Structures are given as C-alpha cells and as structure tokens.
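Quick notes on the structure that follows.
The values are calculated or read from the model by the stated rules, or taken from the named source; none is laboratory data. Only a predicted model underlies this, so the values are computations on that prediction, with no experimental measurement involved. Here the Cβ is made from the backbone with ideal geometry for all residues, glycine too, and neighbour counts use every protein chain on show. Calculation scope for accessible area: heavy atoms of the full protein, side chains included, ligands and nucleic acids excluded. Shrake-Rupley method; radii C 1.70, N 1.55, O 1.52, S 1.80 Å.
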Amino acid sequence: MAKKDVPLRWDRKMQQRLARGEAAALGELYDRFASLVHGLAHRVLGDERAADGITRDVFAHVWEHPDAYDPKQGPLRSWIATLTHRLAVQRLRVTETAALARGGPGTAEELERKVRHASVAARADYIVQSMPAPLRAALELAYFQRRDYRQTATDLGVTEDEARRRLRLGLQLLATAHDAGSPGAPPGYGGAA
C-alpha cells in the first residue's frame, strides 16, 4: 500500500507546488512528461508543429489551472495524457472541419473515422509507455526485432514460459487500446481510450 501511494504523493505535492506558482515545479513536470505529451499529440495529429503547439497548450493549462487535477481520479500522468488527447482531438477536428468547409477531400464520417483511428493509436502508445519495463521489452523484441517467444526468452535471460507470459500480458493490455477506442474517449481516466 505504501509503495502504491508514493506516485500519488508526488502528484499531490507537484499540484501544491504548481498552485503556489513554483516555476521550478513546472520545469520538473515538463521534464517528466513532455515526451509523453508530445508523442501522444503527434500520434493524434501526425504533425510535428501541431504536436509542439499542443505540448505548449497542455503545460500552459497545467500551469494556469493546477487545481483542475483531482488526485482521487487517478495519477497525474493519466490526467496529463487525457488533457493532451482532448486538446489534440479538438485541434484535429477543427483542422479537418476547416478543410472540409474549404471543399477539401473527405466527409464528416471520414473525419470521425480518422479521429477514432488516432485515438486508438494514441491509447496504444500510452499503454506501451506506461507498462512495466519487462513487458515493454518483450513486446519490443517481438514486434520491432521480430523475435519469437524462444528468442525473446534468450534475449531477456528468462524462461520461455516467462517470455510467453510477458508477451501475452503485453498484448492483452494493447488490445484494450482498440476496445476502448470509442470516439472522443480520453486515454487514461476510467480506462477509456
């Protein structure tokens, strides 16, 4: 119990420091979560400059509204991921709707399909980044290096049964990205995409 409470204690202290206006707290938060925010935003938007803008917007929002985070709802990391996802999807909808209004290719249905696809991809990225290192390492070996469970076991120095267990659990976690990928559902809070 005490070990599980440690991150939430850090989250509460970070929120208090931000509420006091400690610029160093914002810097620490940025150092910890900027790659997560940028990665999620880029995954949804598919545009480096737009992801940079969302990253700025997310940290500006956190700085201006530190009390918007409720530790009872979950970890600060999940709240930031949810905020990122919401802002990125809003920007995607605005951009694509403007393109449709100018007579660009596509329909409203295609826009919603694109939003759903981006949401599932962002949720999958978030799940992979959040999973324990042993599961992530097994999935990376299997997916990126095309190792089977025997080769993965050898590379990781674990038994074949343990490698299969890690791969199975990692894939089960990733499957939740698609299952929870309903339109507009944020990654994080309440297990939604």
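Quick notes on this structure:
- Spin-label model, residue 107 to residue 12: label points 7 Å out along the Cα-to-beta-carbon direction sit 5.2 nm apart.
- Here the range 2-131 has 53 percent of its accessible surface on carbon and sulfur atoms, given a 1.4 Å probe and all protein chains in place.
- Residue 31/residue 90 FRET efficiency (R0 30 Å; Cβ-Cβ; nearest 0.05): 0.70
- Extended-chain gain in nm, criterion 0.36 nm per residue less alpha-carbon gap, residue 20 and residue 68: 15.9 nm
- Charging the Cβ of each Asp and Glu at -1 and of each Lys and Arg at +1, and nothing else, the dipole of the chain about its Cα centre rounds to 320 debye.
- Modelled spin labels at residue 172 and residue 129, positioned 7 Å past Cα toward Cβ, are 2.5 nm from each other.
- Exposure check, 1.4 Å probe, all protein chains in place: residue 97 carries approximately 70 Å² of accessible surface.
- The alpha carbons of the chain give a radius of gyration and a Dmax of 18.7, 58 Å, in that order.
- The residues of the chain expose, per residue, 57 Å² of accessible area to a 1.4 Å probe.
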